[in-house]
Amino acid sequence: MKADLIIINAREIATLKSGGKPKTRSEMSDPGLIMNAGLAIKDGKILAIASSEEIESTYSWDEAIDATGKIITPGFVDSHSHPVFVQTREDEFAMRLAGKSYVEIALAGGGIRSSIASTRAAREDELFELASERISKMMALGTTTLEAKSGYGLETQSELKQLGVIDRLNKSLPIEIVPSFMGAHEYPAEYRDNHEEYLRILTEEMIPAVAEQGIAEFCDIFTEAHVFSIEESRRVLRCAAEHGLKLKMHADEIEAIGGAELAAEMNCVSADHLGAASDAGIAAMQEAGVIPVLLPATLFSLRSKTYARARKMIDSGLPVAIATDYNPGSCNCDSMPLTMSLACLQMGLSPIESLAAATINAAFALSRGNKCGSLEVGKQADLIIWDIPSLNFIPYHLGSSHIHRVLKLGKTIFREA
Ligand SMILES: [Zn+2]
């Protein structure tokens, strides 16, 4: 049989195979290892995973990669990011460290409002170039599928512009980028005291326009005490569902206001953050099959003393996923390996659990669990070839990359220099 590509002589392949569902409880500790193995790939998909001898004797090929001594894992699925913005905000980082408050930073022209003003003013080409460079760095760190949100426009045309940029990024970059509409990221300054009017714009203008153009797969919302209340969130999410969008939420990040419970009620695909989610919220999510996407790098960047209760969630049977939350304000982290390190060190996941959370469970958080996130026959050949002694080494070596090569749909998209 003919393959386009074979990869042989890998010391280990961590398949993360999951039997068509997200991994829960002790399944998260099983990397699905195959020793001394290889893969055959055709049309971007995995034809076979077997011993190198079997691959070489069964298939002919156009290209072969010798992975002697290397370890192969699925590519990372980063299921929560905000990469389409203009300015980075490193000066605020310094101001926060110098003890300045959120209000002082906002008065000095910073905060999310500064990202909104500059995104509204930016040309589409400028946003595209900037995001494209950022996403290239993520690819070098092993990300092969990325979710990207709008939400720095907060007016119909600017939100559509951001989603248009995400669509262009998806078409021009070699990784898959999943678009989420997040017009409900914050109340823009002009509607701070008139929530009703902004909710009307969201539900009567933005969501219908986004659905009409077909440029978002998910609708996301920031449900938090000082942003969208439970009632307001329910209205927006109902409208999005009626327009055929799948649902995500930024829920219970700082305070438990019932965001996790609402995610369950609305059958959200995922609820993200959950730093303060209640026991009842965790139980409701488990019952409804909502995937928790935890963002340890955000809480780390905010110097939080507390983190989402990942162990409690895993013990409750929830298929925990992790993501970077890459954004210019609270978390300028584009690295899934570092996110794995923080999930281990700050939330108590084991290295293998953090790998499952960054791959197969994250793929299910984007409704792509049957296409990517694990290495199984028929799934996409999205994978990372690592120069590491063992899987535990990935989160162990903090902030350093040992990635030898990254493949998306069987094509090399990054190679170590
Ligand atoms: Zn976010």
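The values are calculated or read from the model by the stated rules, or taken from the named source; none is laboratory data. On a predicted model such as this, the values are computed, not experimentally measured, just so you know. Ideal geometry is used to build each Cβ from the backbone, glycine not excepted, and the neighbour counts take in all protein chains shown.
List every residue pair whose Cβ atoms sit under 8 Å apart, with the two residues 6 or more apart in sequence or on different chains, where the first one lies in the range 273-295 and is in a helix (DSSP H, G or I) and the second, anywhere, is of a type in the set (Asp, Glu).
280/261; 281/252; 281/261; 284/261; 284/265; 288/265
Of all the helices (runs of 4 or more DSSP H) wholly in the range 49-119, which have at least 1 residues that are touching a strand residue (DSSP E or B) at 6+ places or on another chain (Cβ under 8 Å)?
Result: 52-58.
Any chance the range 138-157 includes a residue that's over 30 Å from residue 395 (Cα atoms) and either of a type in the set (Ser, Thr, Tyr) or in contact with a Leu (Cβ under 7 Å, 6 or more places away or on another chain) (or both)?
yes
Quick one: would you say residue 396 is surrounded by fewer than 24 Cβ atoms within 10 Å (Cβ to Cβ) and within 26 Å of residue 279 (Cβ to Cβ)?
Considered against the rule, which asks whether it is surrounded by fewer than 24 Cβ atoms within 10 Å (Cβ to Cβ) and within 26 Å of residue 279 (Cβ to Cβ), residue 396 comes out as no.
So, in the range 164-199, of the ones that are within 17 Å of the chain's Cα centre (by Cα) and more than 16 Å from the ligand (Cβ to nearest atom), which residue ends up farthest from residue 113 (Cα to Cα)?
For the range 164-199, the residue satisfying everything is 174.
For the structure I just gave you, tell me whether residue 367 is more than 16 Å from the ligand (Cβ to nearest atom), of a type in the set (S, T, N, Q) and touching a residue at least 24 places away in the same chain (Cβ under 8 Å).
yes
List the pairs whose first member sits in the range 321-334 and is near the ligand (Cβ under 10 Å from one of its atoms), whose second member is part of a loop (DSSP other than H, G, I, E, B) and of a type in the set (D, E, K, R), and whose Cβ atoms are under 9 Å apart, counting only residues at least 6 apart or on separate chains?
Qualifying pairs under 9 Å: 324/334; 326/334; 329/89; 331/325.
Among the residues of the range 63-82, count how many are within 16 Å of the ligand (Cβ to nearest atom) and acidic (Asp, Glu).
Residues flagged as within 16 Å of the ligand (Cβ to nearest atom) and acidic (Asp, Glu) within the range 63-82 amount to 1.
I need the full set of residues from the range 370-392 which are in contact with a helix residue (DSSP H, G or I) (Cβ under 8 Å, 6 or more places away or on another chain) and either surrounded by fewer than 24 Cβ atoms within 10 Å (Cβ to Cβ) or part of a strand (DSSP E or B) (or both), in order please. Let's see the steps before the verdict.
The first filter runs over the range 370-392 and keeps only residues in contact with a helix residue (DSSP H, G or I) (Cβ under 8 Å, 6 or more places away or on another chain), leaving 371-374, 386, 388, 391-392.
Matches in the range 370-392: 371, 386, 388, 391, 392.
State whether the residues of the range 200-216 include one that is within 16 Å of the ligand (Cβ to nearest atom) and in the same structural domain as residue 305 (by TED's automatic domain parsing).
yes
Within the range 335-351, track down each residue that is away from the ligand (no atom under 14 Å from the Cβ), part of a helix (DSSP H, G or I) and not aliphatic (A, V, I, L, M).
Of the residues in the range 335-351, the ones away from the ligand (no atom under 14 Å from the Cβ) are 335-338, 340-351.
Now drop any that are not part of a helix (DSSP H, G or I), which leaves 336-338, 340-347, 351.
Hits for the range 335-351 are 337, 341, 344, 346, 351.
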